[in-house]
Amino acid sequence: MKTFEATRPAVGAQALGVARAAYEYALDYAKERVAFGKPIIMNQAIAFKLANMATEIDASRLLIWRASWLSKNGGFKNAEGSMSKYKASETAVRVTEEAIQILGGKEKLDAKIARAREGGHSAGAQPAMKTFEATRPAVGAQALGVAR
């Protein structure tokens, strides 16, 4: 189990890369796309989506950094590796879904984000995003003090 725990931050980092790419793509699009005479980023709903995406990405990044630091400096105490992978993978799924919403009817752009969401740009990200639910038992067992 220690080996799995130690590798989970790296898998989370891959998922985080997918999330960040989707966010940056949607952000650039929102700045460029004009609707009703102004960029769509000026629409409060779009701005709030982007703000939430940026916050979740930053939170995931911090969890990954903490887990990576713990891995090198004393070990995990409370399944931090699993937590970082879980949060980053969940963030990747949510951010790519929000990015698709921001991109609207742009089918070509939607396809690019959808490919990233499915792990088309990184083979390592695909398992991370599809198995983040499998990480929950490890986090839960540690929180309850039950050895796995």
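Annotations for the structure displayed:
- As an equivalent ellipsoid, the stretch 1-106 spans semi-axes of 34, 11, 9 angstrom, where each value is the square root of five times an eigenvalue of the C-alpha gyration tensor, largest first.
- Efficiency of FRET from Cβ geometry, Glu24 and Trp69, R₀ 22 Å, rounded to 0.05: 0.30
- R0 of 41 Å, Cβ-Cβ distance Thr3-Gln101: FRET efficiency to nearest 0.05: 0.60
- Rg and Dmax [Cα atoms of the stretch 1-53; Å; Rg one decimal, Dmax integer]: 16.5, 56
- Additional length obtainable on full extension of the chain from Lys31 to Gln44, 0.36 nm per residue less Cα span: 3.4 nm
- Pairs of Lys residues in the stretch 1-89 are counted when their Cα atoms are under 22 angstrom apart and they lie 8 or more places apart or on different chains; the count is 11.
Values quoted throughout were computed directly from the atomic coordinates according to the rules given, and no laboratory measurement underlies them. Keep in mind it's a predicted model, so treat the numbers as computed, not measured. Please note: Cβ atoms are built from the backbone with ideal geometry, for glycine as well, and neighbour counts cover all protein chains shown.
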